[in-house]
Amino acid sequence: MLKLDLQFFANSYTFDASQSSCVVDGRFINDFAEGDAVKWEREEDNFEPKVGVTGAVGITKKNNNIGRITLLIMQGSPEVTFLKSLANSGKQFPIWVNTGGANSEKIGGSNAMVLKTPEGSIADETGEREFEVMVFDYTDV
């Protein structure tokens, strides 16, 4: 008779957004809007496979270390003014996101720039401003 160890299947994890952090140019960013407050992705795949007519596979390693971190900030927050000033200055700065918790992830790099100031609108409720940050030495560990 097969005996299963239920401990193996009983893993559970808790995520608490209040334990995460985002530091831009030495400043802890707060006032995130609802939804995907922070998103990130590498700009390019790590490699590109090519298959020849006989089935041989060649792998081209991609050396593109650019990534993108998107911050969704509540309209009216002082963080909007701070991030707009970085966008307009053309300054390069470090950005680091830490998801917190037992299995935390650290995303970011030492050389980043705000791609552009966000689009916006005026509405009958508090909106948000989306800032895209390009990270030139992107790492995701």
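Derivation of every value follows stated rules applied to the coordinates shown; laboratory data play no part. Bear in mind the structure is a predicted one, so any value in this text is a computation, not a measurement. With ideal geometry, Cβ positions are generated from the backbone for all residues, glycine too; neighbour counts draw on all protein chains shown.
What percent does the relative contact order of the chain come to when contacts are Cα pairs within less than 8 Å and at least six residues apart? Each step should come with its number before you reach the end.
Numbers: 264 pairs, mean separation 37.8, N = 141.
Once divided by the residue count of the chain, the mean separation gives 27 percent.
Within a Cβ distance under 13 Å of Ser21, other residues only, what is the Lys/Arg minus Asp/Glu net charge? If you can, show how the numbers build up before the last one.
Numbers: positive: Arg27, Lys106; negative: Asp16, Glu105.
For residues surrounding Ser21, the net value is 0.
From the backbone phi of region 126-136, what are the Karplus-calculated ³J(HN,Hα) couplings (6.51 cos²θ - 1.76 cosθ + 1.60, θ = phi - 60°) in whole Hz, Gly and Pro given as x?
Values per residue, Gly and Pro as x: 4, x, 9, 10, 9, 10, 9, 10, 8, 10, 7 Hz.
How big is the dipole moment of the chain about its Cα centre under a simple scheme where the beta carbon of each Lys and Arg is +1, that of each Asp and Glu is -1, and everything else is neutral? Debye, nearest 20, please.
Numbers: 13 positive and 21 negative charges, 123 e Å.
Dipole magnitude for the chain comes out near 600 debye.
Got a sec? Charge dipole of the chain, +1 on Cβ for Lys and Arg, -1 for Asp and Glu; which of Asn63, Phe32, Thr126 is way out at the positive end?
Asn63
Within region 8-141, how many Lys pairs sit with Cα atoms under 29 Å apart, leaving out pairs fewer than 8 places apart on the same chain?
Lysine pairs meeting the criterion: 17.
Hey, rough spin-label estimate for Tyr13 and Arg68, points 7 angstrom out along Cα→Cβ, what's it come to in nanometres?
2.5
What angle do you read, to the nearest 10 degrees and between 0 and 90, between the alpha-carbon axis of helix 78-89 and the longest principal axis of the chain?
The angle comes out near 90 degrees.
Rounded, prolate or oblate for the chain? Axes are the square roots of the Cα gyration tensor eigenvalues, ordered a ≥ b ≥ c, and the cut-off for rounded is a/c under 1.5.
Working: a/c = 2.31, a/b = 1.29, b/c = 1.79.
Taking the square roots of the gyration eigenvalues as a ≥ b ≥ c, the chain is oblate.
When Ile107, Ile122 are ordered from fewest to most other Cβ atoms inside 10 Å of their Cβ, what list results? Let's see the in-between values first.
Working: Ile107 22, Ile122 6.
In increasing order of surrounding Cβ atoms, one gets Ile122, Ile107.
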